[in-house]
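Here the structure comes first, spelled out in structure tokens, and everything after it is commentary.
Please treat every number below as a calculation from the coordinates, not as lab data. On a predicted model such as this, the values are computed, not experimentally measured, just so you know. All Cβ positions, even for glycine, are placed from backbone atoms using ideal geometry, and neighbour counts span all protein chains on display.
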Amino acid sequence: MTDPAGTDLTREDPAVLREYYRQMALIRAFELRAAEMYTRAKIGGYCHLNLGEEATVVGLSAALRGEDYLFATYREHGYALARGADPGRVMAELFGRTDGLSRGRGGSMHLFDTDNRLLGGYGIVGGQIPLATGAAFALAYKNAPGPDAPAVMCLLGDATTNIGAFHESLNLAALWRLPAVYVIVNNQLGMGTPVDAASAEPELWKRGCSYRMPGQRVDGNDVLTVRDAARAALDRARAEHQPTLLETISYRLRGHSVVDPARYRTAEDTERLRREDPLPAFRAQLVDSGVLDDKTAVDIEADVDKAVAAAVDFADASPAPDVTTLFDHVYTNPPPGMYRGLPGDPVNGGGPA
Amino acid sequence: MTVISYRQALHDTLRAELRRDENVLLIGEEIGVFEGSYKITAGLLAEFGPRRVRDTPICEEGFTGVAIGAAMMGLRPVVEIMTINFSLLAIDQIVNNAAKLRSLSGGQVSVPLVIRTPGGGGQQLSATHSQNLEVFYAHVPGLKVVAPATPADAKGLLAAAIRDDDPVLVLENLALYNTKGEVPDGEHVAETGRAAVLKPGWDVTIVGYSRAAVIALDVARRLEGDGISAEVVDLRSLRPLDRDTVCASVRKTSRAVIVEDGWLSYGTGAEIAATIQESAFDYLDAPVRRVAAAEVPLPYAKPLELAALPDAGAITRVVREVVPR
């Protein structure tokens, strides 16, 4: 794994590096605000945050092109933001409002933004992997391989590598040579279970070997390392229709979801978290190398705070969905005769009862 | 009209739809080189090639999910699940993804997917290979479930399913593949969600779908000779369910017997009976009766299997109990 401080920044466009920092800071601010809104009961259900995973989120997103497709897990707010979704519409979805990305139908775990080719966050662990494989199948059905061909990136958590859908999907992707990149976002815990307590092969990227799929483990706390590894994998997917299994190592700063106090963590873990937090590390790295001065950094931080405050205001102002829309969006072609009763309504068999 | 088998009607429809629309493709186990476990896809690999007719490894969850993902991207995959029993391996993908994606995305995503799969017992395949699990899927908003009983509907309902922008499960039946009937020539697309009166009558309504509708029709014809005039309603679709046609018939006949190959408790008959008592209570002259499978894992031994499944004898007996002499 690459030492974050060892990444060579001199070959990078400073404006691009500052943009990465801005995106990471935006995700950090957004997620802290989401946690606050959850405790204020503005957000219901489950709410999983990308805190501590900002370098991974931004690195992976930077590797994607506009024409690529992304399938995410239920820990996906940051990916929606990094793909270009409006923060107000993301927050409105968390609030369950009409202006939410999914019109208040999905909530935190199910952010869809087809304009930005985000084909969903998924609440059932691993449920997205066959779908992403199918999206790659559709791309291969329509497009020949080539340097400009679109590809699919599929995110999954470390614990997901133990389920059948993961293995069935990797087998199909390799067998049929599909333009897919599977990324294990290894934050080292599946809820409260450490990777080595759940996986007989804890070096998760090696699981691709069964499918003769190239793979790599990289430092998920280093945005450039993540980006470059993902880019290489996406290039393979485009040019050769060769899928890849990439593993990024990071650590989530908080519990599994907002309500999890993470008591399974040791004091040692917490200390390591603070030390390896990717956001201050990247900031320091940029300041040290002269890409960012303190004033610019503070300006960026103030800007993202303002953007998040605006997102909260937007979400707050957005109306809750009217109950008359309850049956909207269940079917693309709602057939005649579909029962649309509310609880307690009579079943209508036509004519007088 | 041409008389062909239910199997031939399915095959011809798949072929016609593959020719009509480049986005239609077939996915499933042994559908290509082996030509399908029940030979519905015979010859299609040779005609359309492996891009359009895709043999898969044994991985129902995987390939069903792949088809859903491909459908999200605008393809129109027709999945063959070898029998409905194996759909249990894919049920998470069907129930949690295919049925939900339109709603979860707030209308951004459509899933124009077809799952073809045969149900049915009576082939001495014993407990795990003889189940009628369609009510699992008919229970779920976001899905459509159709069940053709005749070759004409095999064509019309399958064509409608393939052209539908929502996920449709097309329930076939092992016992019907060799049955024959008149099928409209040329393009024939049925309307999803409409029941059909297969035979008019005045004394009792017999409701069924798939194989049960075929047996019900046979029973009704034979009862004519005994002076009992039975009306037969073929549901054709379990979701949506055409309650109007069922209740209109019962308002006329005042009696109802519901036949299904599935287990009795929580089954289609329960849903229909509840609908009738709520929408046609004042018209009823007798309790609504159900003829359904015995509630056991279906045994292998022929006499036990025969005893467990609804047949013409059981339907005849119950109709005679309901209709006064």
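Numerical summary
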quantity	calculated
Rg/Rh (Cα only; Kirkwood hydrodynamic radius) as it applies to the protein assembly as shown	1.04
Range of Cα positions in the stretch B:1-56 per principal axis (Å), largest first	34, 25, 15
Prolate/oblate/rounded call for chain B, Cα gyration tensor, a/c under 1.5 rounded	prolate
Chymotrypsin sites (Phe, Trp or Tyr not before Pro) within the stretch B:191-290: DSSP coil, no more than 16 neighbouring Cβ in 10 Å	B:Trp202, B:Tyr266
Exercise: per-residue mean of other protein chain Cβ atoms within 10 Å, A:113-122	3
Angle between chain B longest axis and helix B:151-163 axis [Cα atoms, degrees, rounded to 10]	50 degrees
Volume per residue of the C-alpha convex hull in the stretch B:60-204, rounded to whole Å³	138 Å³
For the stretch B:2-183, size of Cβ-based charge dipole, Lys and Arg +1, Asp and Glu -1, in debye	280 debye
Rg/Rh for chain A, where both radii come from Cα atoms and Rh is the Kirkwood radius	1.00
Cβ charges +1 (Lys, Arg) and -1 (Asp, Glu), total dipole of the stretch B:1-53, debye	100 debye
Rounded to 10°, Cα long-axis angle of helix B:60-72 versus longest principal axis of chain B	80 degrees
Residue exposure sequence - A:Leu273, B:Leu309, A:Leu101 - by fewest surrounding Cβ within 10 Å	A:Leu273, B:Leu309, A:Leu101
Kyte-Doolittle at least 0.0, axis length at least 20 Å by Cα - qualifying DSSP helices, chain A	A:128-142, A:294-317
Choice from A:Ala284, A:Ala315, A:Ala25 with maximal GNM fluctuation in chain A (Cα, 10 Å cutoff)	A:Ala284
Fraction of beta bridges assigned by DSSP in the stretch B:2-183 that are antiparallel (%, nearest 5)	15 percent
Within the stretch A:213-304, GluC sites (Glu not before Pro) in DSSP loop having at most 15 other beta-carbon neighbours inside 10 Å	none
At most 16 other Cβ within 10 Å, DSSP loop - trypsin sites (Lys or Arg not before Pro), the stretch A:244-336	A:Arg263, A:Arg265
Total lysine pairs under 18 Å (Cα atoms) in the protein assembly as shown, excluding pairs fewer than 8 apart on one chain	8
Positive dipole terminus of the protein assembly as shown, leading residue within B:Val135, B:Thr316, A:Leu178 (C-beta point charges)	B:Thr316
Cα-based helix-to-principal-axis angle, B:312-322 vs chain B, degrees rounded to 10	40 degrees
